[in-house]
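Peer 1: Here's a structure for you.
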Amino acid sequence: LTLGCRTMFHVFANIGNRYLDRGGFHRYWDRIVRLFPLGERCFEAAVWIFAASRCAETLNFIAFVARFGTAIVQCIGIFFLTRVIIELLHVFINEAFGMYKEPADGEDQKGRTLVPLLESLSRYVLYFGSAIMMLRVFEVDTTPILAGAGVVGLAVGLGAQNFVTDLVSGFFILFENQFLVGDVVQIGDALGKVEAINIRTTHIRDDSGKLVIIPNGQIKTVVNFSKDYVNAVVDIKVPASMNLQQVMHDMAEAGKRMRERRREVLADTEIKGLVDLTPGDMTIRAVTKVQPGMHQMMQQEYRKILKEVFDERSAASLRAA
């Protein structure tokens with residue numbers, strides 16, 4: 001039987017690779033074929049356990065052990081079937097949210113946010129259900145266990161208020177669509193891109209590469225730079241002796257060039273004028289409406305283009321002189 005099992009899985013793999021590894025079923029087949037080595041081990045274990053239980057029946061002093069053999073074989077089958085359902089659900093959930101398709105407008109942030117959560121929840125539910133089924137195979141009454149789980153859950157909820165607060169906050173973050181995976185946000189001192197939103201925690205990766213993990217219950221105020229649009233604000237400090245009108249003209253020219261070059265710019269640059277003045281320096285502010293999450297990049301781009309404009313004007317002044 002064990003040798004026949006290996007041959008059977010090999011034949012199934014060849015047939016599946018020939019007929020199922022294409023079309024709309026190939027993703028399901030790719031996930032299932034990954035379980036073939038596990039299926040071989042489970043089948044071989046079931047065969048040996050069944051054979052051992054039959055041997056135990058012939059020995060009177062351990063005959064009682066034989067009745068556990070069939071139950072263990074059934075538990076192995078339940079476990080393997082659970083793994084198969086989990087793999088199929090993985091593909092189904094990803095297809096339902098269109099994760100295998102090329103999104104029309106950038107990344108599918110809702111899919112990247114919800115798919116890992118749904119996969120985790122379905123995995124826990126299936127494993128819990130399979131554990132209950134295994135206990136019933138051994139003729140264990142699971143009603144007290146299910147009732148006890150509710151009581152224990154209530155006790156844990158009362159004793160771990162922070163845990164419950166994190167769960168509730170995580171639910172409202174997702175329900176209210178406050179931010180999604182891929183958004184650039186600032187939560188407290190953490191500023192960066194959201195990498196994951198779990199039920200209890202939110203993961204943010206900052207520009208230096210550090211991963212900041214924040215309990216959802218501690219999130220009070222969120223600054224989201226990825227909604228609708230964001231302003232790229234650049235303050236330019238120049239000597240107070242410079243011609244203010246000329247500097248503002250150069251800043252407007254830099255904004256015009258940036259809009260011509262970069263599609264991330266949504267509107268003309270507004271020169272807000274003088275925002276700070278000291279005896280030696282003056283600060284002039286430029287504000288540009290850009291696509292969500294692109295403000296830092298566009299700030300750098302604006303400074304680079306403004307340097308080009310300054311250099312051109314300096315070269316023109318030298319030629320004129």
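Peer 1: I want to verify a result. In a Gaussian network model of the chain, Cα cutoff 10 Å, which of these has the top mean-square fluctuation: G16, G98, G280?
Peer 2: Fluctuation is largest for G280.
Peer 1: If you count only protein heavy atoms and use a 1.4 Å probe, how large is the accessible surface of I213, to the nearest 10 Å²?
Peer 2: So the heavy atoms of I213 present about 100 Å² to solvent.
Peer 1: Among P292, P37, P239, which one shows the highest mean-square fluctuation when the chain is modelled as a Gaussian network with alpha-carbon springs under 10 Å?
Peer 2: P239
Peer 1: Check every DSSP H run in the chain and write down those whose alpha carbon atoms cover 18 angstrom or more along the long axis and whose mean Kyte-Doolittle hydropathy is 1.6 or greater.
Peer 2: 143-159
Peer 1: Take a quick pass over the chain and tell me how many lysine pairs come in under 18 angstrom between Cα atoms, counting only ones 8 or more apart or on separate chains.
Peer 2: Taking the chain as the scope, the lysine pair count is 16.
Peer 1: Go ahead and run the numbers for FRET between I85 and R205, Cβ-Cβ distance against an R0 of 35 Å, rounding to 0.05.
Peer 2: FRET efficiency, I85 to R205: 0.60.
Peer 1: Related question: Excluding I86 itself, calculate the net charge of residues whose Cβ lies under 13 Å from the Cβ of I86, where each Lys or Arg counts +1 and each Asp or Glu counts -1.
Peer 2: Around I86, the charge tally is +2.
Peer 1: Apply 1/(1 + (r/R0)^6) to the Cβ-Cβ distance of N17 and A52, taking R0 = 41 Å, and write down the FRET efficiency to the nearest 0.05. Working shown, then result.
Peer 2: On the way: r = 35 Å, r/R0 = 0.85.
Here the calculated transfer efficiency is 0.75.
Peer 1: As an exercise, use a Förster radius of 22 Å and the Cβ-Cβ distance of Y28 and Y127 to find the FRET efficiency, rounded to the nearest 0.05. Working shown, then result.
Peer 2: Details: r = 21 Å, r/R0 = 0.94.
That pair, Y28 with Y127, gives E of 0.60.
Peer 1: Per residue of the chain, what 222 nm ellipticity follows from adding -39500 (n - 2.57) for every DSSP H run with n ≥ 4, rounded to the nearest 500?
Peer 2: So the calculated ellipticity at 222 nm is -20000 deg cm²/dmol.
Peer 1: Measure off 7 Å from each Cα along the Cα-to-Cβ vector at F92 and D189, then give the distance between these two points in nanometres to one decimal.
Peer 2: 4.6 nm
The values are calculated or read from the model by the stated rules, or taken from the named source; none is laboratory data. Computed from a predicted model, the values in this text were never measured in an experiment. As a convention, Cβ positions derive from the backbone with ideal geometry for all residues, glycine included, and neighbour counts pool all protein chains shown. The accessibility values were calculated without ligands, DNA or RNA, using every heavy atom of the protein model including side chains. Shrake-Rupley method; radii C 1.70, N 1.55, O 1.52, S 1.80 Å.
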